[in-house]
Amino acid sequence: MTSSGAVPDRALAPLYGPHLTFWRQRIFQQTAMAVPSPTSKDDLRHEALRARRDYAHSLAPATREALEEALAEIVLPHLLTARIVGGYHPMRDEISPLPLLARLGEGQRPALPWFVERDSRMLFRDGPAIERGPWGLLQPSAEAPAAAPDVLIVPLVLADRFGTRIGRGQGHYDRALAHLREAGPIFTIGIGWELQIADVPLPADAWDVPLDALATPGEWVDCRRMHETRA
């Protein structure tokens, strides 16, 4: 792993404890011992959500703030040509992209997910998130301008270094990305805590489109280079 050097050692220390080694051992065992089955992603998702919850709850507020600022430091240099950056309003256990979105440069603007109903396609509107949406999360006003991000920050449940992502299983990002790509290319960045990056390949379905990059508070992973290496 390559550290950004943007966070004091005391802030990054929780990332490297015994629980991280244990978690990666669990991921290796689950992915290496069985041929992917219809329930393999569900098992991994369940375990990853539990690990994410426990890890996030273990962080002191100041440590969590420092880690999220470190994430922003790592991602911002890769957004220099972006016009509209799609993010999300984080749930309690998710790493927050809000410090990153708050530091976008001149001529750039953030956009956030917006839903009409739970089953409707995820759209994007200019922030801030000020109204309660159908999922109980804050989202932009229905009157806010619609947006079509050219860079999309995607929350992770779990991902591998080739960009294979396991989300919450509802397909919102898959459908949104398919729609956005009809208008032009879009660069996707999955973000998460360090323990959400698996060191071994995750099961992927034929329709899964890998993320272009991954970022944590201590690392940037160019998944496109990983594809070239594997090829």
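Taking the range 77-90 as the range and being surrounded by 14 or more Cβ atoms within 10 Å (Cβ to Cβ) and either among the polar types (S, T, N, Q) or within 12 Å of the chain's Cα centre (by Cα) (or both) as the test, the residues that pass are 86, 87, 88, 89, 90. Selection of strands (runs of 3 or more DSSP E) fully inside the range 143-196 by the criterion of at least 3 residues being buried (at least 19 other Cβ atoms within 10 Å of the Cβ) and in contact (Cβ under 8 Å) with a residue 60 or more places away in the chain returns 151-155.
From the list 167, 107, 163, 133, the one residue that fits, being more than 22 Å from residue 50 (Cβ to Cβ) and in contact with a helix residue (DSSP H, G or I) (Cβ under 8 Å, 6 or more places away or on another chain), is 163.
Could you tell me whether any residue of the range 100-107 is within 16 Å of residue 176 (Cβ to Cβ) and surrounded by 20 or more Cβ atoms within 10 Å (Cβ to Cβ)?
Within the range 100-107, not a single residue is within 16 Å of residue 176 (Cβ to Cβ) and surrounded by 20 or more Cβ atoms within 10 Å (Cβ to Cβ).
Only a single item in (1) outside any loop (DSSP other than H, G, I, E, B); (2) farther than 22 Å from residue 84 by Cα; (3) basic (Lys, Arg) is not met by residue 224, and it is number (2). The one condition from (1) crowded, with 16+ Cβ neighbours inside 10 Å; (2) assigned to a loop (DSSP other than H, G, I, E, B) that residue 124 does not meet is (2). For the range 68-88, the set of residues classified as in contact with a Pro (Cβ under 7 Å, 6 or more places away or on another chain) and either closer than 22 Å to residue 129 by Cα or in a strand (DSSP E or B) (or both) consists of 68, 69, 71, 72, 84, 85, 86, 87, 88, listed by residue number. Only one of the numbered conditions (1) hydrophobic (A, V, I, L, M, F, W, C); (2) under 18 Å from the mean Cα position of the chain (by Cα); (3) surrounded by 17 or more Cβ atoms within 10 Å (Cβ to Cβ); (4) at pLDDT below 95 is violated by residue 74, and that is (4).
The values are calculated or read from the model by the stated rules, or taken from the named source; none is laboratory data. Because the structure is a prediction, the values reported are computed rather than measured. Note that each Cβ is placed from the backbone with ideal geometry, even for glycine, and that neighbours are counted across all protein chains shown.
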